[in-house]
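Reviewing the structure listed below.
Please treat every number below as a calculation from the coordinates, not as lab data. Computed from a predicted model, the values in this text were never measured in an experiment. Here the Cβ is made from the backbone with ideal geometry for all residues, glycine too, and neighbour counts use every protein chain on show.
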């Protein structure tokens, strides 16, 4: 049962909510009887693993997806059976929506002020009035210096903060934010959280913030976790060890995986009322399933990772540099952009068989470094050598030829074909390099990254985290000498992030040089080397 | 709508390229209805102009005339009334003219006397001066037509004061025309001349003459002009007794009807333009859909209402369609203005261009509205219902095919109805739409199959194929559109070739050999001319008559009967089209008959035919005329009335050249006998015996014939030695005695299917109870120069059969001459004397006339323009395809480049996307265009000149045109796509998409 904070009417009231999606293999239940109340003015952070239903919940609250069953009330509007005018009126007047990808929110045709003023204009305000209000909103968030810029000239953090301003300029009652910091480093993420919290506080609005980032808790009054389409746990971030299981009004409660593992593989339990509450007593372990084989979220990635190592290179070592050989070098590289020096004097040797993590705050040049390393962006000074070739000596196609000979790139913006199935995307990556189809390798990567059930689903139907795992698989399916990945775990829950980390480590062990731009501790933990741009 | 408007403006300003292409494409396509309307107007006026020019000079007039003497007291009033009336019909000067009936002078010669009030401007003086005065007793006149004055009766009071030459065709034209060789005395005051005392009671005609005013007719339109002329005629007839207004309205209306019929074809092309517009708009809208979806999604997330989002869709591409429509209208206006500037009948090119725009306005509005609706629908169509869109495509494809089949099943539409038949007009639209939908629907499965068979090394092609298959909407829409455009181009080309071929067919049908000659206006017979001045090419006489074929006991059908030599059949041009079945040799074999018995050969040097009368028993001498018929092998026959003189019947032999034979002898009641009989009846005689007698004739002088096979149906014939004995009784108008007459077998004929349906043997009714027996040996779809009901037979057999009834009636009066090899020399000969006295038409001349016909040329021009516009718009759509793919796939292309794919490969992959569209579209479009040509040629019975085509139009591929389309069109389209893709990805460093389109 969710908590209704005393003293206020709920700004969000969800009861027994079901939401089904049509999928090629049948209907998929994204939400399964969820109940949740958020009081007015409350700041709620929602965690949950990939595919648990976080984004769906937000889409329902934003009146973008109709509930299949149950009741939903947002800012006083009953969304069950609401007509289109009611829903659009809700979004226009009372909701502020912050998307996880700021470039989807901000239009390149408009400058920052007009982007922020857009919702006011939609609400019928005159242009001058709307622009004035938008400037005030930017000013309140300390972004007035960006007013005359175009969205494409903003850094990721700047763009996301402008997106926040655009979502809040009209003074909404409820702010819904979906992974607003997924592509930002910690410092930029903190700025976004601060901006969100300040703006919500100023407006007296309610905030529902969906994120994987545990740091978001610092702006939250309450944190909840969603698993399998239901609320499973909640806690007060201000009170240590306050996490509790959620028992909904129909009596559903979800046991944490760790607790179930500790208790053995229960296939039944007896609930006994005690003076302190309810005692669950297991009725025994399954004879058919050995301990540890339960299909819990924790065990699946491990199995997949094991599978991914099935085509072990020890049996047939791939041709290429030997472990420890330098496959790429940055030597005193300097890169500037729009008058700002992003990288200055950066040097790096990337060696075969290692996992290198490039970390640093947002805007510190992580992505720029990866692009420079792979010949996708120019350098102002210094030298870049890739697979033995000096990139400065090559033209655009020459650099492409070097990459073709053994470099895989997974850019942050995504490189997947939305309309293609997962497996087709992987096959296309090999096609693009003129490589023959390799179903065994595709199968192994899908298994290792937990993509097998998604193999025949179009990418457009995948969640952000699932896409990231497909992007990792895509980069490895071409059997690269050097794999370069930009923020491959930014939208992943911890379990899946560990899976990706294991996969990359495996790839490195098999001789691949892996370079990752990330600030994810999971990756930092397994890295053979870390280049921290924040310290440069 | 403020946010929507602002966002729309920002989108136009941000990346104007695609919008500009959309505007240009719509403008090109929507210029077509205006160009079509302008062409229709120009064609109509050119047809009018040509028709007026082809009229004899004297008929290019408006004449108000009346016979008899005008009331002198009303002359001024009548003059004012008529001039006012004619001023409504023409701006040309009105002349008052009059002409007396033919007068005889003192020398026995004839002359005419007339007057015109514009004489000074209508003659050129060659001597003396112009007439100045005219009073009832004395009138000055000008002598024209000769320099020798007729011997005038002084009592007339005519005084010749000068001589001159008539220079103005409007001087005494039409009803006043005295003839080209007439001697005419002309006064300068018609009213005064009419008061000439000596001729007070002499018959005359007078009236007012003005030339036709083509500009006025063009400005009013022929139907309006005809109505106006009728009104003027009625008005004048009510006020002026016996006044008749003569205007060649019927000729003008026929020409106008022909031009109007051709408007239907222009509407066909307008329909194709509609497909172009809607198809192109669809292509453009699909290209914009992905980005629009993102913007619309953002607006929805910002709380925009459904109406606002829909308005955003309508405002965006809709505004482009409207701008394109306005631009297209302007382009069409300019085209009309330029084209009208070369037409003499248009006083104002601006007026014509503006009128054309007004003509096309309903179509423009409709197409623009349809374009806006279609664009909006495509942009606003929910992503979740894209599968529904495919079902809609399938349904539309089935519906379009079914509708096209339905139209085809209705049968042919004639020239009179094509303009008003919406289904006929819809046929090209339906056909092109069906082909486009089918091609679009089949593209994905075909591309999937092909892409699986591509080698791994063909990276660019495989990337292109995978792109098309994975996100097919834009590609298949472009496939559909380019298919329709190619179909339109091929249709335009092959239909143009069909019309051109149809003109050649018509020329060959009307003039089957290189030239055809018929009797001239002065009665000059081409068969005689051929004997006089042989043609430098094979020439064959043709017998032509009309007969009735009985279809029931009380009714019959008229059929044309042609007798031709078997040898001429191989010379008939375009046999497969003009006849349409069998072969010349087979027809000749089927019609062949044994040579009939010939007559008695006469000595070549004889100038007189003399037949000894061995005996002639009769009631009254002179009651019966005996006529001998002399013929030559080319079929000419001459009648010689024989005069009985000293025991012989004799008459002058005409000089027909060698080979003369006495082919028949006829007996008929003489004028003396007829007079005698009339007197007998007048004197109360109630019983009149038939003229009867027995005539025994010896052989013609110089011969010793035994009269082989001479016989008669109405007289007893006996031959004894060289004596031909006839026992006759004139129970009918004529007794015919000829060789082989009795026992003549029915002539073999080939005929049309309907005539043949009346039985294997036919009795051809030639009038007066005369019939000819015919035996049907086969049917033919049609035969050159004949109408839909015809009989063709051997010339000699037909001539013999006709001559059996009436000697001389089987004589040919028509010649088909020459073959293609001799056409040039033949034309030169035919243009010179004596052949210029016959009516001669060469096939080349006829074809040239048909091809230079304004209606035909207008149709050809419009088809060319339509083809060019189709091609241009198709090229634009391909460029839109690759630019759209470049933009929407920017992220994917960057990913491929990051994977190491060279930019040249990526550019090729983009170019291959255009190829993947162009190749199937060319194949299906070409097939559709050819099928459509076949259907339209069959179903829309309209020749290039706007008449019902004879023979029927047969589709012609136009191999040169089709090849040019296939090779040139493909080349241009792919070159344009190559240029577009060749400029892509050329920067030194790659850049990502400016938007996140996930």
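Say R0 is 45 Å: what FRET efficiency, to the nearest 0.05, do residue B:809 and residue B:927 get from their beta-carbon distance? Step by step, r from the Cβ atoms, then E = 0.25. Highest-first packing order for the peptide set B:442-452, B:287-297 is B:287-297, B:442-452, based on the mean count of other beta carbon atoms within 10 Å.
For residue B:779 and residue B:595, the FRET efficiency from 1/(1 + (r/R0)^6), where r spans their Cβ atoms and R0 equals 30 Å, is about 0.70.
Quick one: grab the alpha carbon gyration tensor of the range A:29-136, order the square roots of its eigenvalues as a ≥ b ≥ c, and give me rounded if a/c is under 1.5, else prolate or oblate depending on whether a/b is larger than b/c. Prolate, since a/c reaches 1.5 and a/b exceeds b/c.
FRET efficiency for the pair residue A:395 and residue B:964, taken as 1/(1 + (r/R0)^6) with r the Cβ-Cβ distance and R0 = 35 Å, rounds to 0.30. Peptide B:738-744 is shielded by partner chain Cβ atoms: per residue, an average of 0 of them sit within 10 Å of its Cβ. When peptides A:37-49, B:506-518 are ranked by their average number of other Cβ atoms within 10 Å per residue, the highest-first order is B:506-518, A:37-49. The order of B:751, B:224, A:86, going from fewest to most other C-beta atoms within 10 Å of their C-beta, is B:224, A:86, B:751.
Subtracting the Cα-Cα distance from 0.36 nm times the residue separation, let me have the gained length for residue A:68 to residue A:439 in nm, one decimal.
129.8 nm
Hey, for a label at residue B:828 modelled as a point 7 Å past Cα toward Cβ, could you say which residues of the range B:474-517 have their backbone N under 19 Å away? Only B:514-516 fall inside the zone, counting backbone N under 19 Å. Projected label points at residue A:347 and residue B:991, each 7 Å from Cα along the beta carbon direction, are separated by 3.4 nanometres.
Take each residue of peptide A:108-121, count the partner chain Cβ atoms within 10 Å of its Cβ, and average: the result is 4.
For chain A, just say rounded, prolate or oblate: build the C-alpha gyration tensor, square-root its eigenvalues into a ≥ b ≥ c, call rounded for a/c under 1.5, and beyond that prolate if a/b exceeds b/c, oblate if not. Oblate shape, in that a/c is at least 1.5 and b/c is the bigger or equal ratio.
Remind me, relative contact order of the range B:497-620 in percent, using alpha carbon pairs under 8 angstrom and six or more residues apart?
20 percent
Tally the DSSP beta bridges in chain A and give the antiparallel ones as a percent, rounded to 5. Could the numbers behind the result be given before it?
On the way: 47 of 81 bridges.
Within chain A, antiparallel bridges account for around 60 percent of the total.
Ordered by the count of other Cβ atoms within 10 Å of each Cβ, fewest first, A:19, A:512 give A:19, A:512. From its DSSP helices (H runs of at least four residues, each -39,500 (n - 2.57)), chain A gives a residue-normalised ellipticity at 222 nm of -9500 deg cm²/dmol. Entry note, chain B: relative contact order of 17 percent, from Cα contacts under 8 Å with a spacing of 6+ residues. Descending by average beta-carbon neighbour count within 10 Å, the peptides B:902-908, B:214-220, A:172-178 line up as A:172-178, B:902-908, B:214-220, the highest first.
A crude spin-label estimate for the pair residue B:701 and residue A:29, with each label 7 Å from Cα along the Cβ direction, gives 13.1 nm. Distance between the pseudo-spin-label points of residue A:244 and residue A:93 (7 Å out from Cα toward the beta carbon): 3.6 nm.
Suppose we keep just the DSSP beta bridges with both residues in the protein assembly as shown; what percent of those would be antiparallel, to 5?
Antiparallel bridges make up about 75 percent of those DSSP assigns within the protein assembly as shown.
Counted residue by residue at 0.36 nm each, then reduced by the alpha carbon distance between them, the extension gain from residue B:377 to residue B:307 reaches 23.9 nm.
For A:526, B:600, what ranking results if the residue with the fewest other Cβ atoms within 10 Å of its Cβ goes first?
A:526, B:600
Compared with the alpha-carbon gap, the fully stretched path from residue B:238 to residue B:449 is longer by 67.7 nm at 0.36 nm per residue.
Mean separation of Cα pairs under 8 Å and 6 or more residues apart, divided by the residue count, gives chain A a relative contact order of 14 percent. Mean per-residue shielding of peptide B:290-297 is 1, counting Cβ atoms of other chains within 10 Å of each Cβ.
Rounded, prolate or oblate, given the Cα gyration tensor of the range A:352-399, with a/c below 1.5 counting as rounded? Oblate, because a/c is 1.5 or more while a/b does not exceed b/c. With the alpha-carbon atoms of the range A:422-536 aligned to their principal axes, the span from lowest to highest coordinate is 42, 28, 20 Å, starting with the largest.
The alpha-carbon atoms of the range A:70-127, seen along their principal axes, cover 40, 28, 16 angstrom, with the largest extent given first. Computed over the protein assembly as shown, the P(r) curve from all C-alpha pair distances, binned at 20 Å from the origin, holds 8, 23, 24, 16, 13, 11, 6, 1, 0 percent per bin.
For chain B, the longest principal axis of the C-alpha atoms and the axis of helix B:249-301 are separated by about 10°.
Mean residue ellipticity, 222 nm, helices only, chain B: the sum of -39500 (n - 2.57) across DSSP H runs of n ≥ 4, divided by residue count and rounded to 500, is -16500 deg cm²/dmol.
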